[in-house]
Amino acid sequence: MKSPRLKPVSKARLVDQVPRRYEEIVNAITSEYDGLSDGFQQIARFFTQNPNVIALESINSIARQCAVHPSSLVRFSQHFGFTGFKPLQAVFQTRLATAAPGFRERVSALEGELSKNIDHGNLGYLKSLVVRDIAALQHMLEGVTEESLAAAAKLLAKAETVYIAGQMRSEPIALLLRYLLTMLKRRVVLLDAAGGLAAEMALTMTKHDVMVAISFRHYAKEVVAIAETTIESKVPLISITDSPLSPIAKGATVLFTVPEEEYSFSRSLAAPACLVQVLAVTTAALLHPSKRASPRIPTVTEMALTRKYPKAKT
């Protein structure tokens, strides 16, 4: 199979527009991602999700993990104005001097710490899942900002209707968020696949509503389409996904990225579940301000008891 023909890199780009910092490389990859070939998109996802691997490992090792030939990494580097892979890698190495550990490095460190525990058989599967969950939670803790949480909470608290779209592996997260927001007496509409009307229901949104789109690799096509409809309708969009290169990340009003291993079957939902829980708590804090250290979200049982035995007026 012939490799895709690439547009030649202009001399102006080579001289003036070659990314010099890690953030510039990520921005360049993100802006051009949709127009890249499938192979280059695969490399782009790996580069943005595993920057420490790019900085520390050999081109052959990186190519093996990307499931491509080393020459593809050279061509990928040249596409973004570098003379070869080494100059691009040097930018990642500069970043590493001040960066926090990446997802894979966290996994390796945690596996080392737990190496004395049993790591074979069924308990081995459990250990592997727990290690990756801890790494994802730590990574998310450093990546989520006060500003993004505050912005999302404000949208969820002020919206006339909160629409939620999450299918396939993301459906449990969508269901959890619907439950939590319903307990806060928010008007919530879950755009699930049942009945085949999710896309049509999304067309009823107004600028006074908000959409929460949840999707991870491999992205649910209907959720991607709903996110695109949301942006076209100029409705605020909160996206929960795995990468800034995700198809539901572009154009999001608030973006939350939860790292995970792209090719692992046993990808857990612990980190995104934690994220939607904190979104509910921050929304509760806006709706019901108090001096409590952590706002409480009532349960169905508590609400039923309140209706059955209302507090007497004093």
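Values quoted throughout were computed directly from the atomic coordinates according to the rules given, and no laboratory measurement underlies them. The structure presented is a predicted model; accordingly, all values stated were derived computationally and were not measured. Methodologically, a virtual Cβ is constructed for each residue, glycine included, from the backbone with ideal geometry; neighbour enumeration extends over all protein chains shown.
Enumerate the amide H contacts of VAL189 below 5 Å, restricted to partners 5 or more residues apart or on another chain; note that Pro and chain-start residues carry no placed amide H.
Long-range HN contacts for VAL189: VAL162, TYR163, ILE164.
So how much slack lies between SER37 and ALA67, counting 0.36 nm per residue of separation and subtracting their Cα-Cα distance, in nm?
9.3 nm
Take the Cα atoms of the stretch 146-302, find their three principal axes, and give me the spread along each one in whole Å, biggest first.
The Cα atoms of the stretch 146-302 stretch 43, 35, 32 Å along their principal axes.
Could you sort the peptides 195-207, 235-247 by per-residue average Cβ neighbour count (10 Å cutoff), highest mean leading?
Details: 195-207: 13.7, 235-247: 23.1.
Sorting 195-207, 235-247 by mean packing, highest first, produces 235-247, 195-207.
Give me the number: length gained by fully extending GLU57 to SER268, i.e. 0.36 nm times residue separation minus the C-alpha to C-alpha distance, one decimal in nm.
On the way: separation 211, 0.36 × 211 = 75.96 nm, distance 2.65 nm.
Result for the pair: 73.3 nm of gain on full extension.
Mind sorting VAL53, VAL223 by how few other Cβ atoms lie within 10 Å of their own Cβ, fewest first?
VAL53, VAL223
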